[in-house]
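First comes the structure, then the notes that go with it.
The values are calculated or read from the model by the stated rules, or taken from the named source; none is laboratory data. What you see is a predicted model, and the numbers here were worked out from it, not measured in a lab. Because the Cβ atoms are built from the backbone with ideal geometry, glycine has one as well, and the counts that use them run over all protein chains shown.
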Amino acid sequence: MRTLPTILVFDSGLGGLTVLREVVKSRPDAHYVYVADDAFFPYGHHGEDEIIARVVPLIGELIAAHAPALVVIACNTASTLVMSHLRESYRVPFVGTVPAIKPACAKSTTKRVSVLGTRGTVKREYTRALIRDFAQGCDVTLVGSGELASLAETALSGIEVSDAAIAAELAPCFVGDRENPSARTDTVVLACTHYPLLMDRLVALAPWKVDWIDPAPAIARRVVDLLGPSGIEADLAGAEMIFTSGRPHRLSRALMPFFGGRVPA
Ligand code: DGL
């Protein structure tokens with residue numbers, strides 16, 4: 001019998017579920033371990049050295065415990081810092097999540113693109129280098145949000161989040177002449193995996209229509225490139241969810257759609 005691979009998906013919290021959802025669609029046969037480092041959430045509020053010192057050994061412990069065939073770092077705030085350290089330290093293949101600046105700039109017709117991420121992600125040299133290398137003549141506005149990841153977690157847990165709170169985080173992404181569609185932002189990069197959790201609200205609260213770039217489908221394609229396609233249709237292998245705080249998770253049923261319909265243990 002073929003052994004089904006374990007894919008470990010890691011984030012600071014529940015944002016990585018938006019990446020998991022796409023990976024599960026591409027490899028429904030795999031066993032999934034989703035790890036939320038909620039004991040250290042939000043990563044966007046920590047310094048660079050702190051994040052490296054936290055994530056690199058933690059991933060080592062998770063690899064030792066779960067023997068994954070592949071690890072997805074479903075967090076921009078971490079990936080823009082730790083990928084080279086992880087690849088130097090461990091032999092497992094890694095897929096990171098970094099701001100999708102290149103495809104966004106290639107697609108923009110008004111040449112005005114905004115990158116909405118955590119304060120950490122927009123400050124990173126990695127992100128600045130992506131803009132230098134791939135802006136393709138676009139004006140790129142970096143928007144560091146202090147609250148949106150936490151608001152997304154709150155909303156996912158069923159607690160009401162006001163339109164005003166979300167709109168305030170979103171407003172700086174919309175630049176240019178609001179009356180002239182050819183002279184204003186037409187593309188927003190979702191550079192934090194938490195933000196697609198609020199997709200419907202973002203679309204409804206945007207002052208005008210834009211393309212929202214979510215990197216999750218591209219990450220799923222990269223996973224398939226590395227592991228190969230799914231051999232079978234059925235989701236036989238189950239799923240686990242781990243919170244580093246050790247808190248019991250009461251959301252299992254609500255989170256089923258992200259796990260391809262399975263209830264995470
Ligand atoms: N989901 C994370 C990201 O993609 C960050 C949220 C946080 O911990 O600040 O950047």
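Which condition number does Met1 fail, the rest of (1) assigned to a loop (DSSP other than H, G, I, E, B); (2) modelled with pLDDT of 95 or more being met?
(2)
Show the residue pairs that are 6+ apart or on different chains and have beta-carbon atoms under 9 Å apart, the first residue being within the stretch 135-160 and without any contact (Cβ under 8 Å) to a residue 40 or more places away in the chain and among the β-branched types (Val, Ile, Thr), the second being within 13 Å of the ligand (Cβ to nearest atom) and in a strand (DSSP E or B).
Qualifying pairs under 9 Å: Val140/Val115; Val140/Val189; Val143/Val115; Val143/Leu116; Val143/Gly117.
Take the conditions crowded, with 18+ Cβ neighbours inside 10 Å, closer than 24 Å to Pro103 by Cβ and touching a residue at least 12 places away in the same chain (Cβ under 8 Å) and apply them to Leu226. Does it pass?
On the way: crowded, with 18+ Cβ neighbours inside 10 Å: no; closer than 24 Å to Pro103 by Cβ: yes; touching a residue at least 12 places away in the same chain (Cβ under 8 Å): yes.
No: the conditions fail for Leu226.
Before we move on, is Thr80 buried (at least 18 other Cβ atoms within 10 Å of the Cβ), among the polar types (S, T, N, Q), touching a residue at least 40 places away in the same chain (Cβ under 8 Å) and assigned to a loop (DSSP other than H, G, I, E, B)?
Values: buried (at least 18 other Cβ atoms within 10 Å of the Cβ): yes; among the polar types (S, T, N, Q): yes; touching a residue at least 40 places away in the same chain (Cβ under 8 Å): yes; assigned to a loop (DSSP other than H, G, I, E, B): no.
Spelling it out, it is not the case that Thr80 is buried (at least 18 other Cβ atoms within 10 Å of the Cβ), among the polar types (S, T, N, Q), touching a residue at least 40 places away in the same chain (Cβ under 8 Å) and assigned to a loop (DSSP other than H, G, I, E, B).
Restricting to the stretch 120-154, count the residues that are farther than 25 Å from Asp49 by Cα, crowded, with 22+ Cβ neighbours inside 10 Å and β-branched (Val, Ile, Thr).
Final tally of qualifying residues: 1.
Here's a check for you: in the stretch 1-17, which residue that is more than 9 Å from the ligand (Cβ to nearest atom) and crowded, with 22+ Cβ neighbours inside 10 Å is nearest to the chain's Cα centre (by Cα)?
Quick first cut of the stretch 1-17, residues more than 9 Å from the ligand (Cβ to nearest atom) only: 1-10, 17.
After this cut, where a residue has to be crowded, with 22+ Cβ neighbours inside 10 Å as well, the list is 7-10, 17.
Numbers: Ile7: 16, Leu8: 14, Val9: 10, Phe10: 9, Leu17: 8 Å.
Of everything passing the filter in the stretch 1-17, Leu17 is nearest to the chain's Cα centre (by Cα).
Any idea which of Lys107, Lys102 is surrounded by fewer than 23 Cβ atoms within 10 Å (Cβ to Cβ), out of contact with any strand residue (DSSP E or B) (no Cβ under 7 Å at 6 or more places or on another chain), closer than 20 Å to Pro217 by Cβ and modelled with pLDDT of 95 or more?
On the way: Lys107 fails: out of contact with any strand residue (DSSP E or B) (no Cβ under 7 Å at 6 or more places or on another chain).
Checking each option against the conditions leaves just Lys102.
So which residues in the stretch 157-180 are among the β-branched types (Val, Ile, Thr) and not in a loop (DSSP other than H, G, I, E, B)? If you could, list the steps in order and put the result at the bottom.
The initial filter retains those residues of the stretch 157-180 that are among the β-branched types (Val, Ile, Thr), namely 159, 161, 166, 175.
Hit for the stretch 157-180 is Ile166, nothing else.
Does Ala104 qualify as being aliphatic (A, V, I, L, M) and under 14 Å from the mean Cα position of the chain (by Cα)? Before you say what the answer is, go through the steps one by one.
Details: aliphatic (A, V, I, L, M): yes; under 14 Å from the mean Cα position of the chain (by Cα): no.
So Ala104 does not fit the description; no.
Can you spot a residue in the stretch 20-31 that is away from the ligand (no atom under 15 Å from the Cβ), within 23 Å of Arg128 (Cα to Cα) and assigned to a helix (DSSP H, G or I)?
Within the stretch 20-31 (the criterion being away from the ligand (no atom under 15 Å from the Cβ), within 23 Å of Arg128 (Cα to Cα) and assigned to a helix (DSSP H, G or I)), the answer is no, since none of the residues qualifies.
Collect the residues in the stretch 166-214 that are surrounded by fewer than 22 Cβ atoms within 10 Å (Cβ to Cβ) and in contact with a Phe, Trp or Tyr (Cβ under 6 Å, 6 or more places away or on another chain), keeping them in residue-number order.
Selection gives Pro207 alone.
Among the residues of the stretch 32-77, how many are more than 16 Å from the ligand (Cβ to nearest atom), aliphatic (A, V, I, L, M) and either in a loop (DSSP other than H, G, I, E, B) or in contact (Cβ under 8 Å) with a residue 40 or more places away in the chain (or both)?
Residues that pass the stated criteria total 6.
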